[in-house]
Amino acid sequence: MTARTTPPFRADHVGSFLRPGYLLEAREQFFARKTISAEQLRAVEDKAITEIVKFQQDVGLQSITDGEFRRTYFHIDFLEQLGGVKTDIPVTIRKPDGSEELAPPVIRVTDKVRHVKDIQKADFEYLKSQVAAGLTPKVTIPSPTMLHFRGGRAGISREAYPELEPAFYDDVAKAYGEELQSLYDAGCRYVQMDDTNLAYLCDEKMREAARQRGDDPNELPHRYAKFINKVVALKPAGMTLAMHLCRGNFKSTHAAAGNYEPVAEALLAEMNLDAFFLEYDDERSGDFRPLRFLPKGKIVVLGLVTTKFGQLESKDGLKRRIEEAAKYAPLDQLCLSPQCGFSSTVHGNNIAVEDQRRKLALVVETAREVWG
């Protein structure tokens, strides 16, 4: 086995980190109290990003993100900057048993979707300026499927798109392609798209909700594979494009459960992506059999370490699970990471900063011992 010199790396991560208190305070001053300017907030964000870059480098990671420190939500902040898209903030619902569940945001397409400005370029340029030579700055963006799955046909303007095929999918792909090109021109070579929708289609509750919206949950993964491939076709040569399947990650809660089997073939065999980050931190994710669909040349990053709770996994336990996964996909096509980010929204998971460090160090150490 060999270390990887191109992303994803043997020890990788999904991207978001717990926000420091002084950054949360600055955001409160800017968004709620209106007592500081956008420039003052950005200066505080810059400081926090410089620190989180150093944190990742010190732990031994090769891919480095800005922690998503300039975002409130991993998806809304990006999607609402596309022309023709409107979003509503998600809310937390308290269930009868006292537990909390996230009601996802409503995302609506109100006009033709288009790329009206460079969304991540300035943020990437600052990140790149802070990352040590030889390491790889990574940008995380939401998956384009979010513009369809949450609302289905009803969430997309019939005036703008009387028919979804092919105009809607082509316009979204073109907007994403232009964003990827702008990032490439700034020097970015590693982009990860975060996708909850394919993971939601593993969950019978969510599959039923799709049926109620008029979609066939068996057909959707294959349609989304074609949709993603339209984006991949516009990806600059030399850029790694990965996808992270997320089952929901809000204040340590989740939104979906279920084995990857219903989406595995469309995801792994049909999508022309370079890599897939799959959540495998507990029994909700099922077994590793779906990995049998992984073709040569693609990588699966096993999310075996949870970001939801502070208890540290055992290195031996992780090695056993990697061995188990290697029965279905070659070990050389596998990598290791936490299952999700530590703070997919500004609120963060219920985990301590020190636990965040220990879990990442465990990923780095385990990967080194497994792959060399």
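The values are calculated or read from the model by the stated rules, or taken from the named source; none is laboratory data. Not measured: the values here are computed from a predicted model. A quick note on method: Cβ atoms are made from the backbone with ideal geometry, for glycine too, and the neighbour counts reach across all protein chains shown. Side chains included, ligands, DNA and RNA excluded: accessible areas come from the protein's heavy atoms. Shrake-Rupley method; radii C 1.70, N 1.55, O 1.52, S 1.80 Å.
Shape descriptor for the chain: Rg over Rh equals 0.94 (Cα atoms; Rh from the Kirkwood inverse mean 1/r). Are there trypsin sites (Lys or Arg not before Pro) in segment 7-43 that DSSP marks as loop and that have at most 15 other Cβ atoms within 10 Å, and which are they? Of the trypsin sites (Lys or Arg not before Pro), the ones in loops of segment 7-43 whose Cβ has at most 15 other Cβ atoms within 10 Å are Arg33, Lys34. Among the trypsin sites (Lys or Arg not before Pro) in segment 293-350, those located in a DSSP loop and surrounded by at most 16 other Cβ atoms within 10 Å of their own Cβ are Lys296, Lys327. Dividing the convex hull volume of the alpha-carbon atoms in segment 262-350 by its residue count gives 104 Å³ per residue. Across the accessible surface of segment 155-214, with the other protein chains kept in place and a 1.4 Å probe, carbon and sulfur atoms take up 50 percent. For Ala132 and Ala167, the difference between the fully extended length at 0.36 nm per residue and the C-alpha to C-alpha distance is 8.4 nm. Comparing Gly67, Gly317, Gly286 in a Gaussian network model of the chain where C-alpha atoms under 10 Å apart are linked, the largest mean-square fluctuation is found at Gly317. As a fraction of the 1.4 Å probe accessible area of segment 1-123, surface on carbon and sulfur atoms comes out at 53 percent. Note on the chain: with charges restricted to the Cβ of Lys and Arg (+1) and Asp and Glu (-1), its dipole about the Cα centre is near 200 debye. As an exercise, use a Förster radius of 22 Å and the Cβ-Cβ distance of Thr110 and Ala233 to find the FRET efficiency, rounded to the nearest 0.05. The formula returns an efficiency of 0.25 here.
In whole angstrom, segment 119-173 maps to an equivalent ellipsoid with semi-axes of 35, 10, 9, each derived as √(5λ) from the alpha carbon gyration tensor and ordered largest first. Of Lys226/Lys327; Lys296/Lys327; Lys296/Lys359, which ones are farther than 24 Å apart at the Cα? In this structure, Lys226/Lys327; Lys296/Lys359 exceed 24 Å between Cα atoms. The residues of segment 111-192 expose, per residue, 39 Å² of accessible area to a 1.4 Å probe. About its Cα centre, the dipole of segment 146-194 is roughly 180 debye, where the only charges are +1 on Lys and Arg Cβ and -1 on Asp and Glu Cβ. Qualifying GluC sites (Glu not before Pro) in segment 46-149, where qualification requires a DSSP coil assignment and no more than 16 other C-beta atoms within 10 Å, comprise Glu80. The P(r) of segment 186-332 has a tail past 17 Å containing 63 percent of all C-alpha pairs. A Förster radius of 45 Å, combined with the Cβ-Cβ distance separating Ala269 from Glu39, puts the computed FRET efficiency at roughly 0.40. When the charge dipole of the chain is built from unit charges on Cβ atoms (+1 for Lys and Arg, -1 for Asp and Glu) and taken about the Cα centre, the candidate among Phe78, Thr307, Phe276 whose Cα reaches farthest toward its positive end is Phe78.
Restricting to the chain, what percent of DSSP beta bridges are antiparallel, rounded to 5? DSSP beta bridges in the chain are roughly 25 percent antiparallel. Heavy-atom accessible surface of segment 255-361, averaged per residue, reaches 37 Å², computed with a 1.4 Å probe.
Spin-label model, Thr50 to Ala32: label points 7 Å out along the Cα-to-beta-carbon direction sit 2.7 nm apart. Of the residues Ile89, Asn350, Ser129, the one whose Cα sits farthest towards the positive end of the charge dipole of the chain is Ser129 (charges of +1 on Lys and Arg Cβ, -1 on Asp and Glu Cβ, taken about the Cα centre).
Using the Cβ of Ala367 as centre and a radius below 9 Å, the other residues enclosed give a net charge of -1, where K and R count +1 and D and E count -1. Between Ala154 and Leu331, the modelled label-to-label distance comes to 5.1 nm, taking each label 7 Å out from Cα in the direction of the beta carbon.
The separation of segment 1-71 from segment 335-372, counted between C-alpha centres, amounts to 14 Å.
Using the structure shown, list the pairs from Lys54/Lys235; Lys235/Lys319; Lys138/Lys174 with a Cα-Cα distance above 27 Å, or answer none. From Lys54/Lys235; Lys235/Lys319; Lys138/Lys174, over 27 Å: Lys54/Lys235; Lys235/Lys319. The residue among Val44, Leu294, Pro217 whose Cα reaches farthest toward the positive pole of the charge dipole of the chain, with charges on the beta-carbon of Lys, Arg, Asp and Glu, is Val44. One Cα centroid belongs to segment 189-214, the other to segment 109-155; the line between them spans 18 Å.
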